[in-house]
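Inspection log for the structure reproduced underneath, given as structure tokens.
The values are calculated or read from the model by the stated rules, or taken from the named source; none is laboratory data. All values derive from a computational prediction rather than experimental measurement. Here the Cβ is made from the backbone with ideal geometry for all residues, glycine too, and neighbour counts use every protein chain on show. Quick note on the areas: whole protein, heavy atoms, side chains included, nothing else; ligands and nucleic acids left out. Shrake-Rupley method; radii C 1.70, N 1.55, O 1.52, S 1.80 Å.
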Amino acid sequence: MKNSVSEQSIYAESEDEDDKSIDKNEGDDHDGDSDSSNSSNENRNRSKQNSVSTAWPQSYKQSIDLYGSVPSPSMVFLGNPTLSRFGSSFFSSSLTNRHTPEVLPTYGKPLLETVADEDQQQQRRHSYLYPPLAPRKSSLRKSSKVLDELPDTPNSTYGQAVINGMNVLCGVGILSTPYALKEGGWLGLSLLGLFALLSFYTGLLLRYCLDSRPGLKTYPDIGQAAFGTAGRFAISIVLYLELYASCVEYIILEGDNLSSLFPNAHLNIGGLYLGSRHLFALVATLVILPTVWLRDLRVLSYLSAGGVLASIVVVLCLFWVGVVDHIGIQSHGSILNLNTMPVAIGLYGFCYSGHAVFPNIYSSMEKPSEYPSVLFTSFAICTLLYAGVASMGYMMFGESTLSQFTLNLPQGYVASKIAVWTTVVNPFTKYALTMTPVALSLEELIPSNSVNTYRYSLCIRTALVISTVIVGLCIPFFGLVLALIGSLLTMLVTLILPCACYLRICGGKLRRVEVYFCILIIGVGMIAASIGSFSAISEIVKKLR
């Protein structure tokens with residue numbers, strides 16, 4: 001009780017100081033303005049800022065910071081240590097006290113700041129202290145407990161940023177690169193390099209969009225700056241769909257790999273027969289569900305910090321089985337497969353689906369000037385891993401390569417068991433972190449005067465988990481679903497939308513060659529999205545018949 005009272009008093013004092021500073025700034029602006037037109041423009045800008053300060057989703061930055069950065073006391077280089085404070089108690093606030101917009105009052109500040117605040121914003125670029133909160137409604141004054149939950153100094157070093165970038169890029173897509181090589185042939189591997197270069201370039205474009213005006217920190221912020229509130233909504237929905245689809249892939253992944261370990265497992269209850277794949281998908285869901293309810297996600301953050309390490313372990317196991325255990329090269333493969341090339345497009349595209357987190361990584365960097373180098377290093381290392389796994393896996397298993405190379409590994413070897421079990425354990429640590437941004441965005445829609453906020457939040461999270469297992473059981477085709485995500489959603493997030501936003505925000509200042517190159521990338525993204533999505537959907541429908 002004493003802590004609560006002290007927190008309220010601290011919050012009230014900080015709020016009064018903010019109000020005084022705002023009043024002082026307003027007075028200074030009034031004294032300094034000699035032109036009435038400037039004053040009217042400033043008032044118009046202020047009213048516009050207030051109108052967008054509550055735009056949905058407000059929880060995006062904190063939730064994606066938690067998802068994309070991996071703090072750990074024993075692995076200090078991995079990410080922002082202050083994120084653990086948010087993860088430690090955001091559940092107790094969002095699920096027990098109030099809905100998300102009121103437990104994240106940093107989003108009460110205007111999204112787009114006036115020119116008068118630009119110098120102050122540039123100073124924050126170096127110190128990375130969160131700015132004073134804008135004037136709040138009375139309902140936000142009750143949110144006193146979040147002061148300790150908000151990140152104070154979201155700065156990361158070069159190494160931390162590289163690890164976080166690799167952790168985002170190097171995910172489950174690496175398991176399907178040999179299958180992508182089989183579908184596209186050796187010449188199709190050039191698509192991996194092409195997407196790497198284009199994705200690297202569009203990652204830089206996101207930085208230019210963030211720097212175009214003060215206050216932009218996330219991908220939805222860029223969408224709002226480019227296309228207004230509609231752009232913010234559209235980009236947010238696409239990003240959340242991509243996260244949701246990744247959770248579906250985790251369920252399919254669990255069912256496939258556990259059934260490969262225990263192929264004879266089954267369950268027969270009252271005439272309802274569950275084979276090994278369906279049984280383990282349901283068991284994995286029951287294990288995952290409580291993690292989505294967790295109040296403290298720090299444990300999962302610590303474990304998910306090993307995402308890059310888990311990928312490296314799986315890669316080493318593949319090479320160990322091929323070289324040390326003498327599986328060797330079984331097939332040289334085909335040069336080009338035009339018929340199945342569209343599936344390879346989606347699979348290679350999915351490998352670079354990290355743009356949802358890149359703006360957060362840039363905003364949290366101690367030295368923003370190092371962002372291009374961070375991005376290049378992350379892309380270079382991950383591309384080498386992708387290409388090496390694709391080549392080794394395809395040469396080992398040839399035309400019999402499955403959608404996950406772990407399913408091809410002979411079960412008699414220790415390295416094979418390590419690879420499969422690493423693949424099985426990893427999604428248990430990442431599912432909740434991946435689903436949390438989606439859940440928080442939906443919890444923002446809960447009315448602020450609701451007395452059943454906790455119950456509604458629990459229902460939302462449970463419904464999301466159940467829906468992913470239903471989709472995973474109905475469409476249990478890991479490679480095709482991955483190709484669909486990569487073609488439809490990743491092409492939008494990675495290639496099309498960054499270029500469209502860049503042209504919209506900075507179009508008047510660009511050289512003609514830059515405009516043409518962005519238009520070319522948009523064209524490549526649209527063609528790849530159309531061909532890849534149509535092919536993946538056609539194959540899914542064919543298998544379901």
Inset, instruction - With r as the distance between the Cβ atoms of residue 241 and residue 455 and R0 = 25 Å, compute the FRET efficiency 1/(1 + (r/R0)^6) and round to 0.05. - result: 0.45
Legend entry - Loop-located trypsin sites (Lys or Arg not before Pro) in region 455-525 whose Cβ has at most 15 other Cβ within 10 Å (DSSP): 511
Inset, instruction - Let me know the shape class of region 445-540, please: from the alpha-carbon gyration tensor, a ≥ b ≥ c as square roots of the eigenvalues, rounded when a/c is under 1.5, otherwise prolate if a/b is greater than b/c, or oblate. - result: oblate
Inset, instruction - Can you tell me how much longer the chain between residue 425 and residue 289 gets when fully stretched, taken as 0.36 nm per residue apart minus their C-alpha distance, in nm with one decimal? - result: 47.5 nm
Inset, instruction - Please give the per residue accessible area of region 496-545, computed with a probe of 1.4 Å over protein heavy atoms only, in Å². - result: 62
Legend entry - Rule-of-thumb Rg ratio for region 367-498 [Cα; 2.2 N^0.38 Å; N residues]: 1.41
Legend entry - Å² per residue, accessible surface of region 388-463 at 1.4 Å: 36
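Given a 1.4 angstrom probe, I'd like the percentage of the accessible area of region 469-545 that is carbon and sulfur, rounded to a whole number.
Here carbon and sulfur together make up 70 percent of the probe-accessible area.
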Inset, instruction - Would you mind checking which residues have amide H under 5 Å from residue 365's amide H? H placed 1.01 Å from N; only 5 or more apart, or other chain. - result: 156
Inset, instruction - Please give, to one decimal in nm, the separation of the simple spin-label points placed at residue 519 and residue 325, each 7 Å out from Cα toward the Cβ. - result: 5.3
Inset, instruction - Kindly write out, for region 217-229 in residue order, the coupling ³J(HN,Hα) from the Karplus curve 6.51 cos²θ - 1.76 cosθ + 1.60 (θ = phi - 60°), rounded to whole Hz, with x marking Gly and Pro. - result: 10, 10, 4, x, 4, 4, x, 6, 5, 8, 10, x, 4
Inset, instruction - Could you please state how large a percent of the accessible area of region 171-297 is carbon and sulfur, counting protein chains only and using a 1.4 Å probe? - result: 70
